[in-house]
1. Tell me the Kirkwood radius of segment 3-127: reciprocal of the mean inverse pair distance over distinct alpha-carbon atoms, in Å.
2. Can you show me the helix-derived [θ] at 222 nm for the chain, built from DSSP H runs with n ≥ 4 at -39,500 (n - 2.57) apiece and divided by the number of residues, rounded to the nearest 500.
3. Using a 7 Å offset from the Cα along the Cα-to-Cβ direction at both Thr62 and Ser133, what is the distance between the two label points in nm, to one decimal?
4. Met70 to Glu289: FRET efficiency via 1/(1 + (r/R0)^6), r the Cβ-Cβ distance, R0 35 Å, to the nearest 0.05?
5. Restricting everything to alpha-carbon atoms, can you work out Rg to Rh for segment 30-103 with a Kirkwood hydrodynamic radius?
6. Taking only C-alpha pairs under 8 Å that are 6+ residues apart, what is the relative contact order of the chain in percent?
7. Please report the base-10 log of the normalised intensity I(q)/I(0) for segment 137-288, using a Debye sum with one equal scatterer per alpha carbon and no solvent, at each q in 0.12, 0.13, 0.21 (1/Å).
8. Report the calculated FRET efficiency for Arg149 and Gln45 (r = Cβ-Cβ distance, R0 = 35 Å), to the nearest 0.05.
Amino acid sequence: MVKALVVDDEALLRELFEQMLESQGYDVAVASNGEEALDLLKADQFEVVLLDLMLGPVSGFTVLEEIHQMYYPPVILVMTGYGSTDVAIQAMKSGAADFIMKPVDPDVLDIRIRKALDERRAQRLAITDGLTSLYNRRYFEERLEEETRRARRYSRPMSIMMLDIDFFKQFNDNNGHLKGDQVLREIAQVLLRFSRETDIVARYGGEEFVMILPETDAHNSGLLAERIRISVDETIFEGQENIPSGNVTLSIGVSCLAGDEGGHDTLERADQALYKSKQNGRNQTTILE
């Protein structure tokens, strides 16, 4: 069942859209203002949001911007009255998938929502690693350039973290690839648990992961790396006793965007830092600023 959130400051319209969606088989929650909507979005996972742009103190555009920063944002369809198409188009340029003119027929509403969901699923498949559900390397490369430009434009810090599973080949050789795949999935969940909505977490290839950390200097990235490393070190993985270290661990390298270097220069230094962690005994973090 698709979970939908209706955000509108008019009680009659909230009730109307709630009834229409429930009659089409949706699991529906409602919010009367932007703050309430954001609280619900933080507490639960919705697949679609119907958003009225004309809200109270927290505008629909503010809610739209906050949703757009989420790691897996829901599909957003903005609701507008006749004569407000310019505002709706502006919202679509800001990340909304489509707009709905009030009033709307229930069947038309259902078709528009499901079309937007199908398009989002296709987009997600193109940028997602099939095993771990993290972003894939191609999407990481695109976002690396984008985040580097953003950091430079506003003179803000940006760090990159590279992580590699220690003795993973031996783990696969001794336990089989199915158990190895499970380790990859579980570590991916650890990375997501410790990441913010603005961070880009990707599987870089094989047993290697990478994170782009906007607004984060090398010191704070190092602290985050240690929290991740310790969490994985303390996790019990089935079959971990069959590798030299006796448990699954991570080696991590961290670097921060410096001077006028490009994003790939920062990535290369993170890779060098990771190599130093491996050389120095694994299961540790190295920072190259």
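Where a number appears in this text, it was derived from the coordinates with a stated rule and is not lab data. Because the structure is a prediction, the values reported are computed rather than measured. Cβ: placed from backbone, ideal geometry, glycine included. Neighbour counts: every protein chain shown.
1. 14.3
2. Estimated from H runs of four or more residues: -15500 deg cm²/dmol.
3. Here the answer is 3.1 nm between the modelled labels.
4. Efficiency at R0 = 35 Å is approximately 0.70.
5. Details: Rg = 11.4 Å, Rh = 12.2 Å.
Checking Rg against Rh, the ratio lands at 0.93.
6. Reported as a whole number, the value is 14 percent.
7. Values returned for q = 0.12, 0.13, 0.21 Å⁻¹ are -0.47, -0.55, -1.29.
8. Efficiency computed from Cβ-Cβ geometry: 0.70.
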